[in-house]
Amino acid sequence: MTRVLLLATTTGYQIRSFGEAAERLGVRLVFASDRCDRLEDPWWDQAIPIRFHDPPHSIDAVVSACAGAPPPAAVLAVGDRPAVLAADVADALGLRGNTPAAARASRNKVASRNAFKSAGLPTPLFREVSLSDDSSALAAECAYPAVIKPLSLSGSRGVMRVDDERAFVRSFDRLRRLMRSPDILIERDPVHEQALIESYVPGHEFAVEGVLTDGGLRVFAIFDKPEPLVGPFFEETVYVTPSTASAEVQAAIVEHIAVAARALGLSHGPVHAECRVNTGGVYVLEVAPRPIGGLCSKALRFRVPGGPRDAERPGAEPAASLEEVLLRHALGEDISGYEPQRSASGVMMIPIPRRGVYRSVAGVETARAVVGVDEVRITAKADEILLPLPEGHSYLGFIFASGVDPASVAQSLRDAHGRLVFVIEREIAVASR
């Protein structure tokens, strides 16, 4: 049986989607994840224990585990940190993939900005600073409005807009506390001691999903983000496709993403990119060598070569998932015949409204009954402590919808969300003695 190595964190939603796709294709997935190497296969999946903060150890662990069995035919990754290590592993095993240098540059916002600027792409004014710097002194030197960002976190975590010196000091100190929280310190990444300050870029924001083959970019979908993302935080909620932007704007987005990918040195595998568009052009925010995160890939549907056109009707089951297409691509198959279905579709990442302890949700069945809604998936667990942005990095769940046009899909998502009632209780403070 053909084997594909999949690197992921133990909490990645998308692991199951790849597992289902692999089963359909008759492919065996070999997992490598950040789990305790002292426990005897706690998830019963024979995964290889790795440490994202220790690439040499992890590469040796994977190579050793693959030595006594047929070698994997390909390497894929779910998430930003796994994508970097996947490039190292592919290089060590002699498999197709991005170079380790390109993968690392894509995860570092300063390295990315420098690469985009050198390639002649529109780039905001930016400056790298240390989190140990004096926030008041930095605030006095800053031009407003500006955005403060960590260098290597994803999902808008830690990203804050500031419009004056007072907001700068408050937000910079908040970022400093976040970057010194236990779940980030455990990554042992020196880049977390740095931050990026850049000028705020107004405009409409888009996400792009595609794949690189020997440096050539094929775009599967351009997602509109119809909800305003103007700050002070930048929580992504609604994605809808196909894009309603003009053909000229869409062509410019694709062109700029392709240039940005080349500037980083990315050449092969999945690509998820973000950009903003205004009268100044297309500002590429990031190009990541991984697929779209969480369960959002369910918003993409592909028609198999020679498949029936009627599978494209709104609400129809997808003929092929994004994970299946990416597995085929990783194995060297020609995926040119896999076309994104034409009906409009979208996803809402249900935002966390406030900090607290999640208890329950009401209205799920009512939300599912909204016209156009395909699925409502609540992923929050009872008694879980919820953190909204900018400190948080998760969602309450996902809503999926499809329809005749992007506007109706976006409205279905909003209507369904409006019928959900979440019970989130305040945390009980525990006094220390």
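The values are calculated or read from the model by the stated rules, or taken from the named source; none is laboratory data. It should be emphasised that the depicted structure is a prediction, and the values quoted were computed from it without experimental measurement. Quick reminder, even Gly has a Cβ in these numbers, built from the backbone with ideal geometry, and neighbours come from all protein chains shown. The area values use the complete protein model at the heavy-atom level, side chains included, leaving out ligands, DNA and RNA. Shrake-Rupley method; radii C 1.70, N 1.55, O 1.52, S 1.80 Å.
Results for (1) open to solvent by 60 Å² or more (accessible area, probe 1.4 Å); (2) under 18 Å from residue 268 (Cβ atoms); (3) out of contact with any strand residue (DSSP E or B) (no Cβ under 9 Å at 6 or more places or on another chain); (4) in a loop (DSSP other than H, G, I, E, B), shown as yes or no for each residue.
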{"residue": "90", "(1), (2), (3), (4)": "no, yes, no, no"}
{"residue": "96", "(1), (2), (3), (4)": "yes, yes, no, yes"}
{"residue": "101", "(1), (2), (3), (4)": "yes, yes, yes, no"}
{"residue": "106", "(1), (2), (3), (4)": "no, yes, no, no"}
{"residue": "110", "(1), (2), (3), (4)": "no, no, no, no"}
{"residue": "113", "(1), (2), (3), (4)": "no, no, no, no"}
{"residue": "117", "(1), (2), (3), (4)": "yes, no, no, no"}
{"residue": "121", "(1), (2), (3), (4)": "no, no, no, yes"}
{"residue": "124", "(1), (2), (3), (4)": "no, no, no, yes"}
Q. What are the residues in region 19-30 that are out of contact with any strand residue (DSSP E or B) (no Cβ under 6 Å at 6 or more places or on another chain), in contact (Cβ under 8 Å) with a residue 24 or more places away in the chain and not aliphatic (A, V, I, L, M), if any?
A. 20, 24, 26
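With 114, 98 as the choices, which residue is farther than 20 Å from residue 234 by Cβ, within 21 Å of the chain's Cα centre (by Cα) and among the polar types (S, T, N, Q)?
Details: 114 fails: within 21 Å of the chain's Cα centre (by Cα).
Answer to the selection: 98.
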Q) Which of the residues that make up region 244-262 are open to solvent by 30 Å² or more (accessible area, probe 1.4 Å) and touching a helix residue (DSSP H, G or I) at 6+ places or on another chain (Cβ under 6 Å)? A) 244
Q. Any residue in region 147-161 that is over 30 Å from residue 254 (Cβ atoms), open to solvent by 30 Å² or more (accessible area, probe 1.4 Å) and not small (Gly, Ala, Ser)?
A. no
Q.
So if I check each of 61, 47, which one is out of contact with any helix residue (DSSP H, G or I) (no Cβ under 8 Å at 6 or more places or on another chain) and either at pLDDT 95 or above or under 22 Å from residue 13 (Cα atoms) (or both)?
A. 47
Q. Somewhere in region 325-333, is a residue surrounded by fewer than 19 Cβ atoms within 10 Å (Cβ to Cβ) and more than 23 Å from the chain's Cα centre (by Cα)?
A. yes
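Applying the selection to region 189-233, what residues are among the aromatic types (Phe, Trp, Tyr), closer than 24 Å to residue 117 by Cα and surrounded by fewer than 21 Cβ atoms within 10 Å (Cβ to Cβ)? So that I can check it myself, show each step before the final result.
Of the residues in region 189-233, the ones among the aromatic types (Phe, Trp, Tyr) are 200, 206, 220, 223, 233.
Okay, now just the ones that are also closer than 24 Å to residue 117 by Cα, so 200, 206.
Once the filter is applied, which keeps residues that are among the aromatic types (Phe, Trp, Tyr), closer than 24 Å to residue 117 by Cα and surrounded by fewer than 21 Cβ atoms within 10 Å (Cβ to Cβ), region 189-233 yields only 200.
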